[in-house]
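Here the structure is laid out as structure tokens; the discussion comes afterwards.
The values are calculated or read from the model by the stated rules, or taken from the named source; none is laboratory data. What you see is a predicted model; the values in this text were computed from it and never measured. Here Cβ is always computed from backbone atoms with ideal geometry, including for glycine, and neighbour counts include all displayed protein chains.
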Amino acid sequence: MRVNPRWFGFLLLLISLAAFAQQGESNTTSDVDGAAIASQAASLDLTPDAKGALSQQQMQQLLRVVAEKDLENDKKLRDYTYIEHEVDHKLDGKGQIKTTESKTYEILEIYGEQVERLTEKNDKPLSEKDKDKEEAKIQKIIDKRKNESESDRRKREEKEEKEREDGRKFVREVADAYNFKLIGTESLGGREAWVIDGEPRPGYEPHMKEAKYLPKFHGRVWIDKSDLQLAKMDVECLDTISLGLFLARFHKGSRLMLEQTRVNDEVWLPRELAAKVDVRLALLKNFDVDVEQSFRDYKKFRATTKLLPAEAVQEKK
């Protein structure tokens, strides 16, 4: 069960989990967006008061900048290939591990789209039959994009732009949905980070339907002080909720934990992700799953408009 590792700022991961979305498409980061974020970051006043604390307004502004930067990280991720390793632990009624399954994926860039290719199951290479299935899947994607009409391309790009704008709206919802408290600073990977707790704000009224889940969670984030980037997140579910249509459920006490890493001195990308979720299949069978994902071997590739198979995409030098 794959979990989308991207999120729009504090807690957007929860909404991504609602659909267990596959990795979507995105255009190259625009200079305008980057300049706007730089301007916001430059205007931040993060001078603590006499007691070393930040005000609610300061922390809300900080979280907005961090979340906007994560939107840009999501765009930049499309310029990278990497390896994703997933381990699923199915649990019995007592919470003990019943079965374990692992999969390894190679995330490729094909015609500007990120595509996953399964390479291992339970840490063993795929059979020839399964390899052929994966290659057939990729070839289908190649053929679809190669034959895409101008009208379809325009519709796809408009849909992507709407999704990005919805993400920005959600960012504002997140900043308004919580009361934040600066706990202090910690060192993560040799870098200093702010540690901030978020608790649901009484009286919060969501403006987007996806935001109705926000009061059901609280958590802690670690924000890199130099880059103003989300370095770590630990979120706990305060009540049992269902996400998606008969698809998944978080029980009270379920936790989501994520860590990011700095790549190429330009972007922060996922390093580890862990989640526990109750899954229902076809309205019939329920089972609890502990999901662990790790991400490695990030490599930046040249963005291209020329349609090429995966093997022909060359690494940027």
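Scanning the range 235-255 for residues that are part of a loop (DSSP other than H, G, I, E, B) and either at pLDDT below 85 or closer than 23 Å to W222 by Cα (or both) yields L238, T240, G244, L245, F246, L247, H251, K252, G253, S254. For K162, the criteria (1) closer than 30 Å to C237 by Cα; (2) in contact with a Lys or Arg (Cβ under 8 Å, 6 or more places away or on another chain) hold in every case but one, which is (2). Residue pairs whose Cβ atoms lie under 6 Å apart, sitting 6 or more positions apart in sequence or on different chains, and linking a residue in the range 190-211 that is free of Cβ contacts under 8 Å to residues at least 40 places away in the same chain and surrounded by 13 or more Cβ atoms within 10 Å (Cβ to Cβ) to a partner that is aromatic (F, W, Y) and outside any loop (DSSP other than H, G, I, E, B), are A193/W222; V195/W222; R201/Y178. Just so you know, in the range 82-114 the residues that are basic (K, R) and assigned to a strand (DSSP E or B) include one that is surrounded by the most Cβ atoms within 10 Å (Cβ to Cβ), and it is K103. Taken together, L281, L308 contain a single residue that is under 21 Å from K90 (Cα atoms), of a type outside the set (G, A, S) and at pLDDT below 50, which is L281. Scanning the range 219-235 for residues that are touching a Gly at 6+ places or on another chain (Cβ under 6 Å) and free of Cβ contacts under 8 Å to residues at least 60 places away in the same chain returns a single hit, D234. Listed conditions (1) in a helix (DSSP H, G or I); (2) basic (K, R); (3) more than 17 Å from L71 (Cβ to Cβ) are all met by K181, apart from (1).
Just checking, does the range 148-167 include any residue being crowded, with 18+ Cβ neighbours inside 10 Å and either of a type outside the set (S, T, Y) or in contact with a His (Cβ under 7 Å, 6 or more places away or on another chain) (or both)? Don't jump to the end; show me each part of the working.
Looking only at the range 148-167, we keep the residues that are crowded, with 18+ Cβ neighbours inside 10 Å, and these are 167.
From the residues that got through so far, the ones that are either of a type outside the set (S, T, Y) or in contact with a His (Cβ under 7 Å, 6 or more places away or on another chain) (or both) too are 167.
Yes, the conditions are met somewhere in the range 148-167.
Please go through the range 184-204 and give me each residue that is outside any strand (DSSP E or B) and small (G, A, S), ordered by number. I'd like the intermediate steps shown before the answer.
Start the filter on the range 184-204 by keeping residues that are outside any strand (DSSP E or B), which leaves 189-190, 201-204.
Once the filter is applied, which keeps residues that are outside any strand (DSSP E or B) and small (G, A, S), the range 184-204 yields G189, G190, G203.
Scanning the range 115-139 for residues that are among the charged types (D, E, K, R) and part of a strand (DSSP E or B) gives E116, R117, E120, K121, K124.
Within the range 46-81, the set of residues being hydrophobic (A, V, I, L, M, F, W, C) and part of a helix (DSSP H, G or I) comprises M59, L62, L63, V65, V66, A67, L71, L77. Regarding D152, is this residue part of a helix (DSSP H, G or I), of a type in the set (D, E, K, R) and within 20 Å of R64 (Cβ to Cβ)? In short, no.
Close contacts from the range 252-267, counting a first residue that is touching a residue at least 12 places away in the same chain (Cβ under 8 Å) and at negative phi and a second that is crowded, with 16+ Cβ neighbours inside 10 Å and polar (S, T, N, Q), with Cβ to Cβ under 9 Å and a gap of 6+ residues or different chains, come to Q260/N73; Q260/Q229; R262/Q229; V267/N73; V267/Q229. Against the numbered list (1) closer than 21 Å to T81 by Cβ; (2) out of contact with any helix residue (DSSP H, G or I) (no Cβ under 6 Å at 6 or more places or on another chain); (3) modelled with pLDDT under 95, L126 comes up short only at (3).
Of all residues in the range 180-189, those that are surrounded by 14 or more Cβ atoms within 10 Å (Cβ to Cβ) and either touching a helix residue (DSSP H, G or I) at 6+ places or on another chain (Cβ under 9 Å) or without any contact (Cβ under 8 Å) to a residue 24 or more places away in the chain (or both) total 3.
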